[in-house]
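The values are calculated or read from the model by the stated rules, or taken from the named source; none is laboratory data. It should be emphasised that the depicted structure is a prediction, and the values quoted were computed from it without experimental measurement. Here the Cβ positions follow ideal geometry from the backbone for every residue, glycine too, while neighbour counts run over all protein chains shown. Calculation scope for accessible area: heavy atoms of the full protein, side chains included, ligands and nucleic acids excluded. Shrake-Rupley method; radii C 1.70, N 1.55, O 1.52, S 1.80 Å.
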Amino acid sequence: MRVDNCFFCGRPAWPSKGITFMRNDGKSFRFCRSKCHKNFKMKRNPRKLKWTKAYRKNAGKEMTVDSTLQFAARRNVPVRYDRELFAKTLKAMERISEIKARRERIFYKKRMAGKRAREVAAARKLVADNEHLLPRLRGSEKRRLAELAAERGVDVEELEREELAAKASGKKSKAFGGEVKRLRVRTDGGVEEITESFGGVVGEDDDEDDGFEDEDDEMDTD
């Protein structure tokens, strides 16, 4: 069974599938699908379309020079049938496909080597060029982060990155809570301003709440 390649994109065109176009001069063109046939009739260049084999080979994304590719070349040479030769050919085809797949994986790894470093360098350059657009921390927030890092034994820079990421995404910060300022009237007629915080550092507000509860109890008893 002969499996021809698509004339436009290079994919395999299986028997009884796809489209065959016969030109007036007798030349035949095999297409794997109607998409390739329509682009061929519109006289588009397959080297300029990113989804074709011709573009990928021209861009250096696939192997072009390799000994395994020579076995796929079409040979119009009649050969007398030989059972042993036929069995050896089938075994050789399996072995060649394995070697080709392994070489393609090696080629891909070499081509993608250093991609992560290039992406990180490009991201850092983008941040450095547009640093004025990034959210910044206030002095009070930095001091609170330093205190929180000292209590938890965590690096301050890590907490700052988390806080900036939370600000950029619009989410609530895990390190900081909200602050509410209230005026409380004492039993003696005096007014006291109280700042209550929720979230953030746990344990500081408990003592304050206990004191306020005692004052409330005193007010209730009075």
query: Which order do L164, L159 take by accessible area at a 1.4 Å probe, largest first?
result: L164, L159
task: Sort the stretch 3-123 into rounded, prolate or oblate with this rule: let a ≥ b ≥ c be the square roots of the eigenvalues of the Cα gyration tensor; rounded if a/c is under 1.5, and if a/c is not under 1.5, prolate when a/b is larger than b/c, oblate otherwise.
output: oblate
message: Can you give me the solvent accessible area of E147 with a 1.4 Å probe, rounded to the nearest 10 Å²?
response: 110
query: Where does each of 130-138, 94-102 land if you order them by average Cβ count within 10 Å, highest first?
result: 94-102, 130-138
query: If R0 is 30 Å, what FRET efficiency do you get for Q70 and K48 from their C-beta distance, rounded to 0.05?
result: 0.65
message: Starting from the 7 Å offset along Cα-to-Cβ, what nm value, one decimal, do you get for the label separation of K17 and T89?
response: 2.3
task: Quote to one decimal, in nm, the extra length available between K125 and A113 on full extension: 0.36 nm per residue of separation minus the C-alpha distance between them.
output: 2.3 nm
query: Among L85, V3, T52, which residue has its Cα positioned farthest towards the positive end of the charge dipole of the stretch 1-117, with +1 placed on the Cβ of Lys and Arg, -1 on the Cβ of Asp and Glu, and the dipole taken about the Cα centre?
result: T52
statement: Reported to the nearest 10 Å², D4 has, with a 1.4 Å probe, an accessible area equal to 40
- request: Would you mind checking K17/K38; K27/K57; K48/K125 for any pair whose Cα atoms are more than 21 angstrom apart?
  value: K27/K57; K48/K125
message: Keeping all protein chains in place and using 1.4 angstrom, which order do E84, E192 fall into by accessible surface area, from largest down?
response: E84, E192
message: Which order do you get for S67, S16 if you rank them by accessible area with a 1.4 Å probe, largest at the top?
response: S16, S67
